[in-house]
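The structure appears below as C-alpha cells.
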Amino acid sequence: GFLLKDENFMASYGFSLENVKALFIPNTYFFNWNTSAHGVIDRMYSEYNKFWTQKRVAMAGKLDLTPMEVINLASIVEKETYMHDEKPKIAGVFLNRLKKGMLLQTDVTLIFIAKEKNIKRVRNRHKKIESPYNTYLHKGLPPGPICIPSIGSIEAVLSPEEHEYIFFCAKDDFSGYHNFARTN
C-alpha cells in the first residue's frame, strides 16, 4: 500500500494519488509468493495496458472520454446499481448529463467523501461538503474513481444505452432497479 501513496512513484506510471484506483482492473491474477510490491505494480500496469486495447480506446474516444475518465464514470455506475443489466442505461444517463453540461448530482460521490459510516440516506448537509468529488457543487467528473469498478461497469460506460433520460431514482418496490425520466 505504501507505493500507492507515493506521488512520484505513481506519476512514473502516469497515475496520480486521486486516480490510482484506475490502475486495478478486477480479474484473477497469479503471483509468486515472493513478488515484490514493485513487481505487483508492474504487473497491474501491464494488465491495465492489455485491457485498454485499441478498440476500447476508440470506444472511449467516441464518447469524448479518455480511458481514465471511463473508469472514473464506471466507478460511479458501479456504486449506483448492482443490477448488471441496468448499468448501460445508468451510464447513458450520466453521459447525457455530461453532454448537456449538467451537474452529475450523484449521491454515491457524497457518500464517498462523507466522514460518516453506513449512510442510509444522503441529506442536504452532505450536498454542501466542499470537495472536488462533490458532484452537486462541481461540474464534470470527480478527479478520480470512487471505487475500483468491475469490468461490467467499464463495459457499460463504453457501450452505454442510448436514450434521452437525464434522471433516475430507485423503484419503491425494493427490487434494486430504477425508474428513468427525461424531466425532473
**Message:** Against the conditions (1) among the hydroxyl-bearing types (S, T, Y); (2) assigned to a helix (DSSP H, G or I); (3) under 22 Å from K139 (Cβ atoms), where does S16 fall short? Just the number, please.
**Reply:** (2)
**Request:** Go through the stretch 75-105 and count every residue that is buried (at least 24 other Cβ atoms within 10 Å of the Cβ) and among the hydroxyl-bearing types (S, T, Y).
**Result:** 1
**Fill in**
Condition set among the acidic types (D, E) and under 27 Å from P132 (Cβ atoms), scope the stretch 36-71, selection surrounded by the most Cβ atoms within 10 Å (Cβ to Cβ): answer is E69
**Request:** State yes or no: is S159 among the hydroxyl-bearing types (S, T, Y) and under 21 Å from R56 (Cβ atoms)?
**Result:** yes
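Okay, residues lined up against (1) within 30 Å of D107 (Cα to Cα); (2) in contact with a Gly (Cβ under 8 Å, 6 or more places away or on another chain); (3) of a type outside the set (F, W, Y):
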{"residue": "Y45", "(1), (2), (3)": "no, no, no"}
{"residue": "N49", "(1), (2), (3)": "no, no, yes"}
{"residue": "W52", "(1), (2), (3)": "yes, no, no"}
{"residue": "A74", "(1), (2), (3)": "yes, no, yes"}
{"residue": "K79", "(1), (2), (3)": "yes, no, yes"}
{"residue": "M83", "(1), (2), (3)": "yes, yes, yes"}
**Message:** Could you tell me how many of the residues in the stretch 29-74 are in contact (Cβ under 8 Å) with a residue 60 or more places away in the chain, within 17 Å of E18 (Cβ to Cβ) and hydrophobic (A, V, I, L, M, F, W, C)?
**Reply:** 5
**Prompt:** How many residues are closer than 18 Å to V70 by Cβ and among the charged types (D, E, K, R) when one looks only at the stretch 140-174?
**Reply:** 3
**Asked** How about the stretch 1-35: which of its residues are open to solvent by less than 60 Å² (accessible area, probe 1.4 Å) and not hydrophobic (A, V, I, L, M, F, W, C)?
**Response** D6, Y13, G14, S16, N19, P26, Y29, T35
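The values are calculated or read from the model by the stated rules, or taken from the named source; none is laboratory data. Note that the structure is predicted; figures quoted are calculated from it, not measured. Please note: Cβ atoms are built from the backbone with ideal geometry, for glycine as well, and neighbour counts cover all protein chains shown. Ligands, DNA and RNA are excluded from the accessible area calculation, which covers all protein heavy atoms including side chains. Shrake-Rupley method; radii C 1.70, N 1.55, O 1.52, S 1.80 Å.
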